[in-house]
Amino acid sequence: MSYLSYYEYNGKVYHNGEKGKARKIASVKSFFKYNFKQDNLKTDVASKVDTPKIHSKDIIRLEVDEVCKLLNEADSPVHLTKMQQAFNKHTKSRDVAMLSLFLGTGIRVSECVGINVNDVDFDNNSFKVTRKGGNQVILYFSDEVKNALLDWMKNREKLLENSKETALFVSLQKKRITTRAVENIVKKYSLIASPLKKISPHKLRSTYGTNLYRETGDIYVVAEVLGHKDVNTTKKHYAAMSEDIRRSVANKVKLRD
């Protein structure tokens, strides 16, 4: 365990946190367990090693005012550099639509870059995404997200005139936008909206999940919408909010009129 905390291999120094240590210890334990069952070892000494306790971390998310700042900065930048503001004139509608979709549906960045134009149904405010493992599901968005997407679609048509590109979100090079580009876009605006928080597309997903859990109080709904195969994964991330929900319903049941 001490070695895993800080070690050198091939001239490079490595260190592991709680999760890194747990993964490596699990591999060692599986290796010893297998060989013990195959009678290659007389004892399973690895079973005596305790797996390091993993402490849960607070969910990093944006508050309501920070979400507003994020979208406002993308829509009307005043704190960006002059070069960024000049660039924003060409990407504003795309950036607002993309951020709105993250915050309004909780999709993953890989799902976002994979959406095609024909995957979106504006009549039903819905769109199709490919989840982890290849499963395709239909998700729904609000009218606010719809308006942002329609605004981007108008500019997209102008940008991609005579182009056969099918991606919903594209770069100024008229190609499907990359995951790295999306991460940089989120980082650029979030540094202004919430400079003390390290916000990524996944944190925008957490923001949506948190807001959805607050509104519904149903962990199963959150798990279904976010695409978690195991509801325990959702519980692990949003369990800390359960106390707030329990407190909010304390006066819901009346004993006497």
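The values are calculated or read from the model by the stated rules, or taken from the named source; none is laboratory data. A quick note: this is a predicted structure, and the numbers were derived from the prediction, not measured. Positions of Cβ are generated from backbone atoms using ideal geometry, with glycine treated the same way; all protein chains shown enter the neighbour counts.
Residues in the range 139-161 that are under 22 Å from K174 (Cα atoms) and acidic (D, E) were compared, and the one that is surrounded by the fewest Cβ atoms within 10 Å (Cβ to Cβ) is E161. Being assigned by TED's automatic domain parsing to the domain that holds L191, touching a residue at least 12 places away in the same chain (Cβ under 8 Å) and among the aromatic types (F, W, Y) is a description that applies to F102.
What residue, of N35, N72, is of a type outside the set (G, A, S) and within 28 Å of the chain's Cα centre (by Cα)?
N72
Specify the residue that is modelled with the lowest pLDDT; the eligible residues are those in the range 126-138 that are surrounded by fewer than 18 Cβ atoms within 10 Å (Cβ to Cβ) and over 15 Å from the mean Cα position of the chain (by Cα). For the range 126-138, the residue satisfying everything is G133. In the range 227-248, the residues that are assigned by TED's automatic domain parsing to the domain that holds T130 and closer than 23 Å to K128 by Cα form no Cβ pair under 6 Å with any partner that is part of a helix (DSSP H, G or I) and modelled with pLDDT under 60, whether six or more places apart or across chains.
Scanning the range 126-177 for residues that are among the basic types (K, R) and free of Cβ contacts under 8 Å to residues at least 40 places away in the same chain, which turns out farthest from L226 (Cα to Cα)?
Step one: of the range 126-177, the residues among the basic types (K, R) are 128, 131-132, 146, 154, 156, 158, 164, 174-176.
Pick out the ones that are also free of Cβ contacts under 8 Å to residues at least 40 places away in the same chain and you get 128, 146, 158, 164, 174-175.
On the way: K128: 13, K146: 19, K158: 33, K164: 31, K174: 30, K175: 27 Å.
If we take residues in the range 126-177 being among the basic types (K, R) and free of Cβ contacts under 8 Å to residues at least 40 places away in the same chain, then K158 is farthest from L226 (Cα to Cα).
Out of R205, R180, I need the residue that is surrounded by 20 or more Cβ atoms within 10 Å (Cβ to Cβ), among the charged types (D, E, K, R) and at negative phi. Which one?
Exactly one residue qualifies, and that residue is R205.
Restricting D151, D123 to those that are at pLDDT 95 or above, outside any helix (DSSP H, G or I) and of a type outside the set (S, T, Y) reduces the list to D123.
For the range 101-120, give me each residue that is in a helix (DSSP H, G or I) and either closer than 16 Å to L226 by Cα or hydrophobic (A, V, I, L, M, F, W, C) (or both). Once the filter is applied, which keeps residues that are in a helix (DSSP H, G or I) and either closer than 16 Å to L226 by Cα or hydrophobic (A, V, I, L, M, F, W, C) (or both), the range 101-120 yields L101, F102, L103, G104, T105, V109, S110, E111, C112, V113, V117. In the range 38-53, of all residues being assigned to a loop (DSSP other than H, G, I, E, B) and farther than 16 Å from S2 by Cα, the one that is nearest to the chain's Cα centre (by Cα) corresponds to D44.
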